[in-house]
Amino acid sequence: MDSDPRRAIRVVLADDECMFRTSLRHLLTAPRSVIKDVYGIDVGADFNVVGEAGTGEDAVALVESAKPDLLLLDLSMPRMSGLGVLRTLQGYGESLRTIILAAEVGKADLVSAVQLGVRGLVLKDATTELLFQAIVNVVAGQYWLAQTLIADLVEVVRTAGAPAVKDTSKGRATGLTRREREVLALVVAGYANKEIARTFSISEETIKHHLTRMFDKVGAANRLELAVVAAERGLVSDL
């Protein structure tokens, strides 16, 4: 993906509900200053919605013709499922980053989506702030997963013993403190920073400091990778 912050991010919207696509388009085409003022998120670049698709087949054709940077894709699409779209577009690699938008996601579909290269997954009942935060993270090359789904993904990794995302931490020392392991247990369970802070009666800023140190110790880039790496390496087996 072009890293020039001045260039608008080219987006394709793929959802069979026209009203939902329209709402997304209005959100994404709002001025950056408005997005920051209303939602508190600095998106860093403008969004250019280069096309909309109402079926899976149309989504594939549109991606191939419009060559977007970002695809916002519904899992439940007619004439080709969202997973089918992902399989067809696998050859695009890093040039296309995809965020799944879904009303609900089963564990099998969740793992399949991640294995097929999805960078983010946002539930449709999430807040607009979370959607923009997911987009910012995914555009920056990171992963983003709804808090409620992290525990599901970790459970699958732990029981199946198969990596769902690339483990970049092999050979890294862990050395987690007792408090960091306590925080890790709640991250794996899908708790948000605010909930973790409330559990330990400390500030969210302190939780963020703990997470930053934990990312470095296990070689993770974000909460999702931290949770999955913890499951793969057995760091949560006795938590």
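The values are calculated or read from the model by the stated rules, or taken from the named source; none is laboratory data. Here the structure is a predicted model, which means the values were calculated and not measured. So basically every Cβ, Gly included, is an ideal-geometry build from the backbone, and we count neighbours across all protein chains shown. All accessible areas refer to the heavy atoms of the entire protein, side chains included, with ligands and DNA or RNA removed. Shrake-Rupley method; radii C 1.70, N 1.55, O 1.52, S 1.80 Å.
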Filter pass, Val12 being farther than 14 Å from Ile135 by Cα, in contact with a strand residue (DSSP E or B) (Cβ under 6 Å, 6 or more places away or on another chain) and either at pLDDT 95 or above or surrounded by 13 or more Cβ atoms within 10 Å (Cβ to Cβ) (or both): no
Qualifying residue in region 29-40 (condition: at pLDDT below 95, touching a Phe, Trp or Tyr at 6+ places or on another chain (Cβ under 6 Å) and open to solvent by 30 Å² or more (accessible area, probe 1.4 Å)): yes
Residues (open to solvent by less than 20 Å² (accessible area, probe 1.4 Å) and either more than 23 Å from Ala30 (Cα to Cα) or of a type in the set (A, V, I, L, M) (or both)) located in region 47-65: Ala53, Thr55, Gly56, Ala59, Val60, Val63
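This table checks each residue for (1) at pLDDT below 90; (2) closer than 27 Å to Asn193 by Cα; (3) not small (Gly, Ala, Ser).
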| site | (1), (2), (3) |
| --- | --- |
| Val43 | no, yes, yes |
| Thr55 | no, no, yes |
| Glu64 | no, no, yes |
| Ser76 | no, no, no |
| Gln90 | yes, no, yes |
| Thr98 | no, yes, yes |
| Glu104 | yes, yes, yes |
| Ala108 | yes, yes, no |
| Val122 | no, yes, yes |
Members of region 91-133 that are under 11 Å from the mean Cα position of the chain (by Cα) and open to solvent by 70 Å² or more (accessible area, probe 1.4 Å): Leu130
Among (1) under 25 Å from Pro68 (Cβ atoms); (2) open to solvent by 40 Å² or more (accessible area, probe 1.4 Å); (3) modelled with pLDDT under 85 - the single one Leu145 does not satisfy: (2)
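Scan Arg179, Arg172 and give me the residue that is over 19 Å from Trp144 (Cα atoms) and modelled with pLDDT of 85 or more. Break it down into steps so the answer makes sense when it comes.
Details: Arg172 fails: modelled with pLDDT of 85 or more.
Being over 19 Å from Trp144 (Cα atoms) and modelled with pLDDT of 85 or more holds for just one of Arg179, Arg172, which is Arg179.
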Qualifying residue in region 81-90 (condition: assigned to a loop (DSSP other than H, G, I, E, B), closer than 14 Å to Leu121 by Cβ and free of Cβ contacts under 8 Å to residues at least 40 places away in the same chain): no
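Could you pull out the residue among Val43, Val63 that is assigned to a loop (DSSP other than H, G, I, E, B), in contact with a strand residue (DSSP E or B) (Cβ under 9 Å, 6 or more places away or on another chain) and among the aliphatic types (A, V, I, L, M)? Step through it out loud before you land on a result.
Details: Val63 fails: assigned to a loop (DSSP other than H, G, I, E, B).
Val43 is the lone residue from the list that is assigned to a loop (DSSP other than H, G, I, E, B), in contact with a strand residue (DSSP E or B) (Cβ under 9 Å, 6 or more places away or on another chain) and among the aliphatic types (A, V, I, L, M).
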